[in-house]
Amino acid sequence: MIQVLKSGANVYVSYGCLSAIHKLTCLSKSADFVDLLKNANILSVLAGILSRKDHHVVVVALQIAEVLLGKYSEDFLNSFIKEGVYFAIEALLNSGQQNQGSADVSEVPVPKETVKCLCQSFERSISSSSQTCKIEKDSVYILATRIKESFFGPEVFDSQKGLTDILQNLKHLSAALDDLMTVPIDAHALHDEKFFSVWSQIMERLNGRESVSTFEFTESGVVKALANYLSNGLHQRKFSKGDPECDSLPFVGNRFEVFTRSLWSDGEATSSVLIKKLQNSLSSLENYPIVLSQFLKQRNSFATVPNGRSTSYPIVRVRFVKAEGETCLRDYSQDLVTVDPLCFWDAVDQYMWPKVQLEPLDSVEEKDQAMECPSSQLQSTSISCQGESSTHMEIDSPNASQLQGSQEEDQEQLPDSGEENTSSSEEEDALPEEDALPRLLFRLEGLELDRSLTVYQAILLHKLKSASETTNDSKLSGSHTITYERAPQLVESDENLFPPGSMDNDEYHPFLSFLFAQRLGLRHKATNPPAYDILFLLKSLEGMNRFLFHLICHERINAFGEGRLENLDDLRVQVRPVPFEVKTKYFRLAAFGSQKVHHHPQHLSSEGRPVTGSLPRKKFLACRENILESASKMMELHGNQKVVIEVEYSEEVGTGLGPTLEFYTLVSRAFQNPDLGMWRILVAPSGLFPRPWSDTAAAFPDVLEKFVLLGTVVAKALHDRRVLDLPFSKAFYKLILGQELSSFDIHFVDPELCKTLVELQALTRRKKVFSESQTDARAAKCDLSFRGTNIEDLCLEFALPGYTDYVLTSTNDMVNMDNLEEYIKAIVNATVCNGIQKQVEAFRSGFKKYVFPLEHLGIFNEEELETLLCGERDLFNMNEVLDHVKFDHGYTSSSPPVENLLEILHEFDKEQQRAFLQFVTGCPRLPPGGLASLNPKLTIVRKHGSDSSETDLPSVMTCANYLKLPPYSSKEKMKEKLIYAITEGQGSFHLS
């Protein structure tokens, strides 16, 4: 129950858990129970509960506190101060909440859906007075006063004497960090020395014998001081490239480099302690409003804005009114419109702009008529309240498109109406071609609405002005008047703070761009400053972990240049991925809407066909011999439509999930063809990365077209939840996510080239240091050789290694110590900047033009994006196979043929396992989540064929992940037949 309370459960669940804990504390007399409460840190939980707004949970928390102090005073009295419970009680007395009491519940009209007051919600009987609150108005004040006067002496009332030694010490160290802000920013040595001293004392406290409570850590001010020092105060400001604040960014980078060195010098243990403290502190500060789901009736609604969709949840009614004094826009003549509460304001902007911009009236009216939809009918992609559809399938192919003349939209019948609606236009199913800058600014009651929020979030946060912690749909019921006006003209700029292709700030710019280029919930800065500081530090730690190789390499280059390090060995750094299930759900909600959020990556109907919410399905006829041409035609026909594509092949009978997954696999392999000229020479495990091209190369336009197609295919695969088999490099995933690369990212493209460049950079750094700060005699003895050889003796030309056709410079100079730095910059620029820039832009345009904006992927890191796109790397965990494989029709998990099969799978190498997966499912990789996420489960049944099963081959139904396995007499015979089947049985779908 304590874990439930820590998880931020809604007020009803919290009240129930607290009530049960209160009864246990009153009735229990066991010493084991006291130990249990201590181990679960009940007091830290109570401190958080006391800061909540609902008086029901606050009263029960105070009752628990009173019982603990009354029965177990010796065990808990000191902890009440250490965990901050006493200070939370003091805050209750000072906040004036005793004057609000139960008025929020008992005096406010109760919605019709409400049956009981919270304090009676767990009673079985229903009385006529069930809506009347039993808790008296001054209960919180009376209880808090009684606890304070009964158990805490006068010495605790003194704010200084009441502090623990740990808290006072941490406050002193926090002040020391604040004092560092007065040291000149360019005094690196002094900053490093003082920061190391202060930070080592902080970590000594955090790792000490006496634990630091969450309250002590939060109240000490260490988090605020650390965030302020590391960022030089920039984390609380919004700035862009060219602002004066950017001048201090290199110094900020140096501070984070020092911080990285101090955290990772002793391994991951130090950073883990800090992360855990930050996460616990954030949990104690979180206090989000809860919308009670039992108040929301599940009903079918139609949202006109933004796309005219049917929703299975309540809609919001909005009246859009032109702002007073706005002369550049037209009045929106509509009265109330229904808005999807889960859409973002950018989508509302796209809907409103054609209707309110100043243009000929006839044109606007035509657009209005084209976009209006009768309320009695639903669009082709609408969803019924039962979630059922009666869609039919269409076949599209390069030949079939000529016969059809015009494409018909899939039809869907309402469960309560016999009418059908057929649309002759596919405009409404198309997604915007590109991300437009904001054109309209929306306000509610004079306050600007945050465009990063959904309509629901923005209105809810605006309406939650009462002291009540809970709300219901009455907050969103009725109509809302939203004013609109012309948004200020903005100039679109790069997300990065450093110009693309500029290597002058190569030291820290990838990390700093990640840290400062995107807004980090700036609205929390005003509403909850401590939480904002914690979020910034957590983001900083994530960035330090992500760019660990960059920061460590740069520190070692400086050490080598200054003579503190003799060699640059052991530069490899491993960065572990983090779980991403929650991110995946959020991504699908933001990118594709709520109707496409499911618990499994692939959903099948009883017929084995994929079901994706309310989306219609389209069949496409593909040609195996021209797979990329088929992919191009498919994207041209359906790339910008909100439909799920199912593939079938010419002269083959198979259709459904299996052929579709195989189609994406074949397309993935076709894109890896070296003859296309898209990639550097593939060297495992580096993965695919664009090869450099000069703009003047004759083949370059064709390469760009292929990257546009690749971007569209990848985006459509994400939309349709298809797994690809594209081994992109980590550096290319960074480019997909909009991150800028530096010389250190070449480590993920060509490790040997990166190591060579790092050593050459270290030589240039050493030359610069010794020429500026050392005597001539010392400089003469300085070793500037590369692995024992002078740079001039290497006979290096100004050419890109491996790509002599790429022109680095117009001159034919040889590389020497004087132009070595220029040579390094030219190689880096060609490898990860200008040489691949247009290819990446073409790939990203494929996303934006046809499917969805790439910005929605920004919540993922590189490893998570690879899993989302290509599934799991590890194919079979043999310890879990039995848990996720179904045996039927003559086989059980203990059948000899099944045991032989599992042993064979365990003996297979990785390529054979991939071939087996493709044979059974149509794809050589498992979806995100592995074998457990395969839906339907992999099923193995006994195959009844000819009299002699020894001659039969295994067969499959890929749409159902169904393997028909003959009962071979021996393991050797089964392995022989299985290898033959998975090797020769690919490439066609026929009846088995």
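The values are calculated or read from the model by the stated rules, or taken from the named source; none is laboratory data. Quantities reported herein were computed from a predicted structural model and do not represent experimental measurements. With ideal geometry, Cβ positions are generated from the backbone for all residues, glycine too; neighbour counts draw on all protein chains shown. In case anyone asks, the SASA skips ligands and DNA or RNA and just uses the protein heavy atoms, side chains included. Shrake-Rupley method; radii C 1.70, N 1.55, O 1.52, S 1.80 Å.
Being at pLDDT 85 or above and assigned to a helix (DSSP H, G or I) is the filter here, so list the residues in region 858-882 that pass it.
Once the filter is applied, which keeps residues that are at pLDDT 85 or above and assigned to a helix (DSSP H, G or I), region 858-882 yields GLU862, GLU863, GLU864, LEU865, GLU866, THR867, LEU868, LEU869, CYS870.
Going by the conditions given, is ARG721 out of contact with any Asp or Glu (no Cβ under 7 Å at 6 or more places or on another chain), on the phi > 0 side of the Ramachandran plot and touching a residue at least 60 places away in the same chain (Cβ under 8 Å)?
Answer is yes for this residue.
I'd like to check something: does region 209-225 contain any residue that is open to solvent by less than 50 Å² (accessible area, probe 1.4 Å), within 17 Å of PRO510 (Cα to Cα), part of a helix (DSSP H, G or I) and at pLDDT 85 or above?
Checked against the condition, which is being open to solvent by less than 50 Å² (accessible area, probe 1.4 Å), within 17 Å of PRO510 (Cα to Cα), part of a helix (DSSP H, G or I) and at pLDDT 85 or above, region 209-225 yields no hits at all.
Any residue at all in region 595-614 that is modelled with pLDDT of 80 or more, open to solvent by 10 Å² or more (accessible area, probe 1.4 Å) and part of a strand (DSSP E or B)? Before you say what the answer is, go through the steps one by one.
Residues of region 595-614 that are modelled with pLDDT of 80 or more, as a first pass: none.
No, there is no match, as no residue in region 595-614 is modelled with pLDDT of 80 or more, open to solvent by 10 Å² or more (accessible area, probe 1.4 Å) and part of a strand (DSSP E or B).
If you scan region 326-343, which residues turn out to be surrounded by fewer than 18 Cβ atoms within 10 Å (Cβ to Cβ) and in contact (Cβ under 8 Å) with a residue 40 or more places away in the chain?
Answer for region 326-343, where residues must be surrounded by fewer than 18 Cβ atoms within 10 Å (Cβ to Cβ) and in contact (Cβ under 8 Å) with a residue 40 or more places away in the chain: GLU326, CYS328, TYR332, LEU336.
What are the residues in region 676-710 that are assigned to a loop (DSSP other than H, G, I, E, B) and among the β-branched types (Val, Ile, Thr), if any? If you could, list the steps in order and put the result at the bottom.
As a first pass, look at region 676-710 and keep what is assigned to a loop (DSSP other than H, G, I, E, B): 677-678, 680-687, 689, 691-699.
Matches in region 676-710: ILE681, VAL683, THR696.
Test each condition in (1) modelled with pLDDT under 90; (2) open to solvent by 30 Å² or more (accessible area, probe 1.4 Å); (3) out of contact with any Pro (no Cβ under 6 Å at 6 or more places or on another chain) for GLY308 and report the one that comes out false.
That leaves (2) as the condition not met.
Against the condition surrounded by 15 or more Cβ atoms within 10 Å (Cβ to Cβ), modelled with pLDDT of 90 or more, in a helix (DSSP H, G or I) and among the hydrophobic types (A, V, I, L, M, F, W, C), how does VAL198 come out, does it pass?
yes
Which one of these is in contact with a helix residue (DSSP H, G or I) (Cβ under 6 Å, 6 or more places away or on another chain), over 26 Å from ALA799 (Cβ atoms) and open to solvent by less than 10 Å² (accessible area, probe 1.4 Å): LEU709, LEU657?
Details: LEU709 fails: open to solvent by less than 10 Å² (accessible area, probe 1.4 Å).
Being in contact with a helix residue (DSSP H, G or I) (Cβ under 6 Å, 6 or more places away or on another chain), over 26 Å from ALA799 (Cβ atoms) and open to solvent by less than 10 Å² (accessible area, probe 1.4 Å) holds for just one of LEU709, LEU657, which is LEU657.
The conditions are (1) in a helix (DSSP H, G or I); (2) over 22 Å from PHE536 (Cβ atoms); (3) within 43 Å of the chain's Cα centre (by Cα); (4) at pLDDT 85 or above, and ARG146 fails exactly one of them. Which is it?
Condition not satisfied by ARG146: (3).
Being among the small types (Gly, Ala, Ser) and in a helix (DSSP H, G or I) is the requirement here; does SER630 meet it?
Yes.
Filter region 908-938 for residues that are closer than 18 Å to GLU866 by Cβ and of a type in the set (D, E, K, R); which is least open to solvent (accessible area, probe 1.4 Å)?
Going through the qualifying residues, I end up with ARG925.
When only residues in region 678-706 that are closer than 13 Å to GLY846 by Cβ and charged (D, E, K, R) count, which is surrounded by the most Cβ atoms within 10 Å (Cβ to Cβ)?
LYS706
Filter region 819-853 down to residues that are in contact with a Leu (Cβ under 8 Å, 6 or more places away or on another chain) and either open to solvent by 40 Å² or more (accessible area, probe 1.4 Å) or over 17 Å from PHE748 (Cα atoms) (or both), then give me how many there are.
Total satisfying the criteria: 15.
Looking at ASP783, ASP793, ASP745, ASP725 in this structure, which one is closer than 26 Å to ASN834 by Cα and among the charged types (D, E, K, R)? Give the steps one after another, and end with the answer.
Working: ASP783 fails: closer than 26 Å to ASN834 by Cα; ASP793 fails: closer than 26 Å to ASN834 by Cα; ASP725 fails: closer than 26 Å to ASN834 by Cα.
Just one listed residue meets the conditions, ASP745.
On the basis of being at pLDDT 90 or above and in a helix (DSSP H, G or I), does VAL713 make the cut?
Against the criterion (at pLDDT 90 or above and in a helix (DSSP H, G or I)), VAL713 qualifies.
Quick check on region 732-758: of everything there that is closer than 25 Å to LEU794 by Cα and among the hydrophobic types (A, V, I, L, M, F, W, C), which residue is surrounded by the most Cβ atoms within 10 Å (Cβ to Cβ)?
Checked region 732-758; the qualifying residue surrounded by the most Cβ atoms within 10 Å (Cβ to Cβ) is PHE744.
If ASP888 meets every condition in (1) surrounded by 14 or more Cβ atoms within 10 Å (Cβ to Cβ); (2) touching a residue at least 40 places away in the same chain (Cβ under 8 Å) apart from one, which number is that one?
Status for ASP888: all satisfied but (1).
Would you say LEU62 is open to solvent by less than 20 Å² (accessible area, probe 1.4 Å), modelled with pLDDT of 80 or more and more than 19 Å from SER281 (Cβ to Cβ)?
Taking the combined requirement at face value, the residue satisfies it.
Got a number for residues in region 30-59 being touching a residue at least 24 places away in the same chain (Cβ under 8 Å), over 36 Å from the mean Cα position of the chain (by Cα) and surrounded by fewer than 20 Cβ atoms within 10 Å (Cβ to Cβ)?
Within region 30-59, residues that are touching a residue at least 24 places away in the same chain (Cβ under 8 Å), over 36 Å from the mean Cα position of the chain (by Cα) and surrounded by fewer than 20 Cβ atoms within 10 Å (Cβ to Cβ) number 1.
Quick one: ASP745 ticks every box in (1) part of a loop (DSSP other than H, G, I, E, B); (2) among the acidic types (Asp, Glu); (3) under 24 Å from the mean Cα position of the chain (by Cα) except a single one, so which number is it?
(1)
Of all residues in region 24-53, which are hydroxyl-bearing (Ser, Thr, Tyr) and either touching an Asp or Glu at 6+ places or on another chain (Cβ under 8 Å) or farther than 29 Å from LEU93 by Cα (or both)?
Once the filter is applied, which keeps residues that are hydroxyl-bearing (Ser, Thr, Tyr) and either touching an Asp or Glu at 6+ places or on another chain (Cβ under 8 Å) or farther than 29 Å from LEU93 by Cα (or both), region 24-53 yields SER28, SER30, SER44.
What is the one condition in (1) in a helix (DSSP H, G or I); (2) free of Cβ contacts under 8 Å to residues at least 40 places away in the same chain; (3) within 23 Å of SER969 (Cβ to Cβ) that GLN912 does not satisfy?
The single condition GLN912 does not satisfy is (2).
Yes or no: ILE64 touching a residue at least 24 places away in the same chain (Cβ under 8 Å), in a helix (DSSP H, G or I) and within 22 Å of SER95 (Cα to Cα)? Steps first, please.
Values: touching a residue at least 24 places away in the same chain (Cβ under 8 Å): yes; in a helix (DSSP H, G or I): yes; within 22 Å of SER95 (Cα to Cα): yes.
Criteria met by ILE64.
When you scan region 780-797, do you find a residue that is outside any helix (DSSP H, G or I), open to solvent by less than 20 Å² (accessible area, probe 1.4 Å) and of a type in the set (Val, Ile, Thr), even just one?
yes
Please pick out the residue among PRO928, PRO967, PRO936 that is part of a loop (DSSP other than H, G, I, E, B), within 29 Å of GLU863 (Cα to Cα) and modelled with pLDDT of 85 or more.
PRO928
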